[in-house]
Amino acid sequence: MGFDEDLLRELIDAGVAVGASYVEVRYQNDHGISVSMRNGRLIGVGSVREEGVGVRVLINGSLGFAATNDLSRDGLMNALEKAVSRARATASLRRNAITFAEERVGRASYEVVPKSRLEDIHVEDLTSLGKEAYGELLKTVSQVKLPVCVFSAETHMQEKLIMTSEGAYVRSRIPRIYVSLNLVLLHQQRGTLQRMKEFASSGGGELLKEWKPVDVVSEEVKNLEVVLLKGVEPPKDPVDVVVGSEIIGLLVHESAGHPMEADRILGREAAQAGESYVKPEMIGKYRIGNELATVIEDPTIPGSNGFYLYDDEGVPARPRYLYKEGIINEALHNRHTASIFGVKSNAAARAMNYASEPIIRMSNTYLKPGNMSFEELIDDIGLGVFIKSYMEWNIDDIRWNQRYVGLEAYLIRNGELAEPVRNPVLEITTQGFYSNIVAVDKELKFYPGTCGKGEPSQGVPVWFGGPDVRISKIRLGVIA
Amino acid sequence: MTGTIELGREVVNKLRASYDDVAVLIKTRDRVMVKLWNTEPSVTQSWITTEVSLLLTKSKRVLILEFSVGRPEEILKAVEKISSVVERVEESELYAPLPEPQEVKLVEGSFDAKVIDAMRDPGKLTRLMIDAALSEGAERVAGTLTLSNDERVLVTSKGFENSERRTLVEAYLRAFKKEFSGQWAHGSTHVNEKEIEEVGRKAGLYASITSNKADLQPGKYDVVLSPLVVGNLMNYVSFMSSALAVLMGYSMFMKFRPGDKIASEKLTLVDTPRDPTLPNVASFDDEGVPTYDKPIIEDGVFHNLLHNSGTATKLGVKSTGNAGWVMPNPWNLRMKPGELREEELVSELRNGVIITNNWYTRLQNYVEGTFSTVARDAALLVKNGEVVGNVGRVRIATSFPQLLNNIEEMTRQTYDIMWWEVRTPTRAPYVLARNVNLTKPYI
């Protein structure tokens, strides 16, 4: 990472000199290559490089942010001037001064060292994987057609250098790989079924082998063909539902992670991604679920998609227990919200790229697993439904009312998986879900996502996961 | 700005000998955004950036490079690093040579010097919409005001060279009163104080329109969808009308052919690049093809997919001036208005739900167009033509073909909507649709 640190120091000094009580400069360089393919044939090859500096100032209680990719001294000073002058220009609208909590910020340098460097991944490595996937999937389907198989893959190196007027100095280098497939299965009489599947982690070229993406997707397609051909409607009466780890991961991200973002709780995202059913006074007291409802947020999981050791304000990362045995426990904080809540930041500030302000984000969110096997989880279910994967989902803007539409799903009869179910709809409130957990198995699995939040919208890499979870007596819907 | 064109020319000249086609697209931006929470700024953000994109083709191989760096030497260095890739990869399924330059008539009137003035003190316009919301009875507001001065330059090895500037005003506000809220939005290339005040006024109005909660059981209802909701849903329809979305399995138009009736005859949806007041105004696309207005759906009949040269060649048609080098995109959207006033539309609704805002639209299956989306802010139960309460965060769960066919009426007044959930600016009326499935959780 070749950038003139002295220039960043000069920028900090200049900000302080014009009256800023806090100056934070972040050099960030995101770069990588990508391929996109359709039905085994190449559409295009891409290369992206986003390199610039974001500077944030706190001046007379107003927060200003400016980003530039003009990395000359004049360019950087111009950005600083805009951050300061425009923050001052809106000061007349301010009612309360913005303050940051006192923190012990880090001075550190860290790097994810993959077994196989991103630089050694060639476009041909990615395209050959795309061809192999399409070839195998064509062999997998028998009675249905596969009119569309879109394969995308990209490498992403994220390099950051964060320096603040309070002495933070954090240098990091995190490589990631992302692979996705979009598949359409078609049967003349039974219609279509669509599946998007993603793989993403921090690491290097070794992931392309470790994931076994062709095997994993082929297995899924084999099952989805049966769902398309033979899927039945889910039972109309309430039944026990086993929600697969893929949906559990998304569900905890949406209904535990997002509502526990302190900026949402305070209304900072009110006009965009919304607020939260959680109010400040509920933290540490309110019961949202039973004792099986423990949701953990942990940026420090090695190899994870949301991995980091220091956040973008230079605060050291640690695991956070969002819900603990059913009680709303700890919100995700940056230094600003920590100051309002009278607590310490727990290092949730992340920025997508140099042009993004650091805001409160999740990293890797999961439901705590239990001890039993999947077989034990379903053993005493007379009639139920296992929903393994999904396509459609959404949740309301206070993170209460949510919907997941199953893709691969099965009836459970007398403790065993039976015939496939098509498009079962799980529509449930946050409290309804966490209060109705009967049991969780021990199979903790993680799934990748790109979480969107902020204005302009920032997509950051995350993992979400959990075990398979059984919930009692749920009335499932169907697509109308 | 001549400097930017020269940068593009320099890059093209240095690379043209090594490639069959070279195109350089440069976007420069000076932008400010005031973000509000609890009726005050949370942050004032600025961007001073230059983004350079490069299209390189050789023997039908296609390489696209995107740089958020401003110096030509950096770009050329990066190209050198990756150039050997072009030799090694296979031909692109969507290759087409860059088009020969055609005469481009630049759209006039897309730059407003008042925007540049307002950028020096964005607080003034922000205060207009805050005050308007508070005067309607709102207790607190959140939202953003964005002002931008943008330039777009395209230089190609075929000899196309052009640039255009536009300004941008994007304003949206969410107003709260106790447990209720309302939201409105506006996007334009011009500063219009009245429109910005209207954003605050309508947000405040919807926050205050009722203090009653109403119950709603899942089922089929007649609904009025506000221009914010219509804008969001039409963004999805127009995304699916991109020829690449069709080829990649992200479109209900996989099942339809131009000429098929796919919607109520009341629905006409037009891609509108050449209206100087709509934010994504463009005189030429990213391949230098002159833009033109075109219906995607006209009187309920599917009319056009949106194409660049690559998708057009693949499907044996002509480009529609919607490049995107890989993905053809709509520029701005315009719907043909109806004939009713807003109160007449509510009278037509008689009994049903007015959904004034939505978010989180997701599809179960793009080919079938099945989706759901969640209401937010005012979702108003109407009985005998009167608003009787707010039903809260219910969900529309249907399919686009069903919904589009169930459109019955529209208002004559349209609004220019742009906000977090409507990224392709859309000029939309209020829409009345019959028999729409609304859901909510049982527990």
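The values are calculated or read from the model by the stated rules, or taken from the named source; none is laboratory data. The model shown is predicted, which means the values in this text are computed figures rather than measured ones. Reconstructed Cβ throughout: ideal geometry from the backbone, glycine too, with neighbour counts over all protein chains shown.
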Please work out if A:L161 is touching a Ser or Thr at 6+ places or on another chain (Cβ under 6 Å) and not hydroxyl-bearing (S, T, Y).
-> no
Residues in the range B:13-35: is at least one assigned to a helix (DSSP H, G or I), more than 7 Å from chain A (Cβ to nearest Cβ), at pLDDT below 90 and buried (at least 16 other Cβ atoms within 10 Å of the Cβ)?
-> no
Quick one: would you say B:D260 is at positive phi and not hydrophobic (A, V, I, L, M, F, W, C)?
-> no
Name the single residue, out of those in the range A:63-91 being more than 32 Å from the chain's Cα centre (by Cα), among the aliphatic types (A, V, I, L, M) and modelled with pLDDT under 95, that is surrounded by the fewest Cβ atoms within 10 Å (Cβ to Cβ).
-> A:A91
Residue, farthest from the other protein chains (Cβ to nearest Cβ), within the range A:386-424, restricted to residues that are crowded, with 24+ Cβ neighbours inside 10 Å, in a strand (DSSP E or B) and of a type in the set (A, V, I, L, M, F, W, C) = A:F386
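One line per residue, one yes/no per condition, for (1) among the aliphatic types (A, V, I, L, M); (2) in the same structural domain as A:A355 (by TED's automatic domain parsing); (3) more than 25 Å from A:V105 (Cα to Cα):
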site	(1), (2), (3)
A:G19	no, no, no
A:R38	no, no, yes
A:R41	no, no, yes
A:L58	yes, no, no
All conditions in (1) among the hydroxyl-bearing types (S, T, Y); (2) within 24 Å of the chain's Cα centre (by Cα); (3) surrounded by fewer than 19 Cβ atoms within 10 Å (Cβ to Cβ) are true of A:S218 except (2)
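Here is a yes/no grid of residues against (1) touching a helix residue (DSSP H, G or I) at 6+ places or on another chain (Cβ under 7 Å); (2) on the phi > 0 side of the Ramachandran plot:
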site: B:V85; (1), (2): yes, no
site: B:P101; (1), (2): no, no
site: B:F111; (1), (2): no, no
site: B:L128; (1), (2): yes, no
site: B:A132; (1), (2): yes, no
site: B:G137; (1), (2): yes, yes
site: B:L145; (1), (2): yes, no
site: B:S148; (1), (2): no, no
So which of B:I296, B:I262 ends up being away from chain A (no Cβ under 14 Å), under 17 Å from the mean Cα position of the chain (by Cα) and under 30 Å from B:A375 (Cα atoms)?
-> B:I296
Listed residues B:R201, B:R174, B:R165; which is under 24 Å from the mean Cα position of the chain (by Cα) and under 26 Å from B:E287 (Cα atoms)?
-> B:R165
Residue, farthest from B:S399 (Cα to Cα), within the range B:326-382, restricted to residues that are hydroxyl-bearing (S, T, Y) and surrounded by fewer than 21 Cβ atoms within 10 Å (Cβ to Cβ) = B:S347
For the range A:194-207, enumerate the residues that are surrounded by fewer than 17 Cβ atoms within 10 Å (Cβ to Cβ), in contact with a strand residue (DSSP E or B) (Cβ under 7 Å, 6 or more places away or on another chain) and not in a strand (DSSP E or B).
-> none
Checked B:V387, B:V391 against criteria (within 20 Å of B:L205 (Cα to Cα) and within 14 Å of another protein chain (Cβ to nearest Cβ)); the one match is B:V391
Select from the range B:347-372 the residues that are of a type in the set (S, T, N, Q) and in contact with a helix residue (DSSP H, G or I) (Cβ under 7 Å, 6 or more places away or on another chain) and write down the one among them that is farthest from the other protein chains (Cβ to nearest Cβ).
-> B:T356
If you scan the range A:36-69, which residues turn out to be more than 7 Å from chain B (Cβ to nearest Cβ) and within 30 Å of A:K82 (Cα to Cα)?
-> A:V53, A:G54, A:V55, A:R56, A:V57, A:L58, A:I59, A:N60, A:G61
For the range A:254-301, what are the residues that are touching a Cys at 6+ places or on another chain (Cβ under 9 Å) and either within 13 Å of chain B (Cβ to nearest Cβ) or free of Cβ contacts under 8 Å to residues at least 60 places away in the same chain (or both)?
-> A:H258
Within the range A:102-155, count every residue that is of a type outside the set (G, A, S) and part of a helix (DSSP H, G or I).
-> 17
Determine which member of the set B:S211, B:S242, B:S264 is out of contact with any helix residue (DSSP H, G or I) (no Cβ under 6 Å at 6 or more places or on another chain), among the small types (G, A, S) and closer than 30 Å to B:E298 by Cα.
-> B:S242
For B:Y292, state whether it is surrounded by fewer than 20 Cβ atoms within 10 Å (Cβ to Cβ) and assigned to a loop (DSSP other than H, G, I, E, B).
-> yes
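Yes/no per residue for (1) in a loop (DSSP other than H, G, I, E, B); (2) closer than 19 Å to A:L367 by Cα; (3) more than 15 Å from the chain's Cα centre (by Cα):
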| position | (1), (2), (3) |
| --- | --- |
| A:L250 | no, yes, no |
| A:D263 | no, no, yes |
| A:S276 | yes, no, yes |
| A:G284 | yes, yes, yes |
| A:N290 | yes, yes, yes |
| A:I296 | no, yes, no |
| A:P299 | yes, yes, no |
| A:P302 | yes, yes, yes |
| A:F307 | yes, yes, no |
Extreme residue, farthest from the other protein chains (Cβ to nearest Cβ), among residues of the range A:92-108 that are more than 30 Å from B:K124 (Cβ to Cβ) and surrounded by 13 or more Cβ atoms within 10 Å (Cβ to Cβ) | A:A108
Those residues that are aliphatic (A, V, I, L, M) and surrounded by fewer than 16 Cβ atoms within 10 Å (Cβ to Cβ), I need them from the range A:109-134; list them, please.
-> A:V113
When residues of the range B:41-75 are limited to those that are surrounded by fewer than 21 Cβ atoms within 10 Å (Cβ to Cβ) and free of Cβ contacts under 8 Å to residues at least 12 places away in the same chain, the one farthest from the other protein chains (Cβ to nearest Cβ) = B:E73
Subset tally (residues that are buried (at least 17 other Cβ atoms within 10 Å of the Cβ) and touching an Asp or Glu at 6+ places or on another chain (Cβ under 8 Å)) for the range A:182-193 = 2
Top-ranked residue of the range B:84-122 - restricted to ones that are assigned to a helix (DSSP H, G or I) and buried (at least 17 other Cβ atoms within 10 Å of the Cβ), ranked as nearest to the other protein chains (Cβ to nearest Cβ) = B:V85
Give A:S180, A:S142 a once-over and let me know the one that is farther than 27 Å from A:G306 by Cα and hydroxyl-bearing (S, T, Y).
-> A:S142
